[in-house]
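The values are calculated or read from the model by the stated rules, or taken from the named source; none is laboratory data. Treat the numbers as computed from the prediction; the structure is a model and nothing was measured. FYI the Cβ positions are ideal-geometry reconstructions off the backbone, even for glycines, and counts take in every protein chain you see. Areas reflect the complete protein model, heavy atoms only, side chains present, ligands, DNA and RNA absent. Shrake-Rupley method; radii C 1.70, N 1.55, O 1.52, S 1.80 Å.
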Amino acid sequence: MTGRLFRIAVAILMVSAFVYMTIWLAGVEIVFHEEIVDYVAIARTMNIRNLVSVIYLGPRIFDTMIEVLVVVLTVYGMTFLRGNE
Amino acid sequence: MIDPGNSQIVQTSVRKLFPFAVIFSIYVFSYGANLPGGGFQAGVVFGTIVVVFELSFGRRIGSHAAYQIIEFVGIVILVGCMIWGYLDSGYFFGGLYRHTTETLLFSSVYYWFLNLAIYLEVLASMVLIFRGFIEWRDDR
């Protein structure tokens, strides 16, 4: 039951990411920002002091989320392979 | 060669170290927004001490299903924060950063939840991945 729930959750996440990339992301204009983001000002606004957290849970939150999905897919892949043995 | 599974020294050391490592991991993720650390590092600390314990004693702490549920809860919190931010401001993960308090622990409520989500996800993944490698049987 838990394994099936886990597979369904991963499948929903993958389909959502695929739909997002194919429909919405294709029209996004990529712009190179030359200005430096003031992370200290962001940290003050969010009332936190760890600048690493400011970056990877702030402007880079989607990178963090995709990293998390990679780890989940690794676990799912191992579970899938072991299930086929 | 010393077999760690039968070493009284290793087993005693790991048994004494285990609760401190667990508390330290909770501390690292709880104060991740204001002190060095964060959810990922804390999850690695917890996952590593569980793996070391299992290698030393030759028995599992928690079932596969339990860790899969923990991992699932972490993902649900992460996706929930994303949707919560969208409903609040119209942007994924947006608009929630303004929820702040004066305390050091919850100086930014949103960051605490994000760290919690990553902590749960990473600790469960660490254990599941290591178990997968350790228990792998290649019959080729």
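Couple of notes before you dig in:
- Each Lys or Arg adds one and each Asp or Glu takes one away; over the other residues whose Cβ falls under 14 Å from the Cβ of B:ARG98, this sums to 0.
- Counting heavy atoms of the protein chains alone, A:THR22 has an accessible area of about 70 Å² for a 1.4 Å probe.
- The accessible-area ordering, largest first, of the residues A:TYR56, B:TYR27 stands as B:TYR27, A:TYR56, per a 1.4 angstrom probe.
- Other residues whose C-beta falls under 12 angstrom from the C-beta of A:ASN47 contribute a net charge of +2, scoring Lys and Arg +1 and Asp and Glu -1.
- At least 30 Å² of accessible area lost relative to the chain alone, listed for segment A:43-61 with a 1.4 Å probe: A:MET46, A:ASN47, A:ILE48, A:ARG49, A:ASN50, A:TYR56, A:LEU57, A:ILE61
- Within the full protein context, the accessible area of A:ASP63 is estimated at about 70 Å² for a probe radius of 1.4 Å.
- Taking the 1.4 Å solvent-accessible surface of segment A:31-85 as the whole, the part contributed by carbon and sulfur is 63%.
- Taking every protein chain into account, the 1.4 Å probe leaves B:TRP112 with about 50 Å² of accessible area, to the nearest ten.
- For the set A:PHE6, B:PHE72, solvent exposure ranked by accessible area (probe 1.4 Å, protein chains only) runs largest to smallest as B:PHE72, A:PHE6.
- Protein heavy-atom accessible area occluded, B/A pair - total, 1.4 Å probe, Å²: 3000
- Within chain B, helix-based [θ] at 222 nm, where runs of 4 or more DSSP H residues each add -39,500 (n - 2.57), nearest 500: -23500 deg cm²/dmol
- For segment B:4-135, the relative contact order comes to 32 percent (Cα pairs under 8 Å, sequence separation of at least 6).
- Surface composition of segment B:3-93: carbon and sulfur make up 73 percent of the accessible area, probe 1.4 Å.
- Rolling a 1.4 angstrom probe over the protein heavy atoms with all chains in place gives chain B an accessible area of 53 Å² per residue.
- The charge dipole of segment B:1-90, taken about its Cα centre with unit charges on the Cβ of Lys, Arg, Asp and Glu (plus for the first two, minus for the last two), comes to roughly 300 debye.
- Heavy-atom accessible area ranking, 1.4 Å probe, most first, across A:VAL31, A:VAL72, B:VAL22: A:VAL31, B:VAL22, A:VAL72
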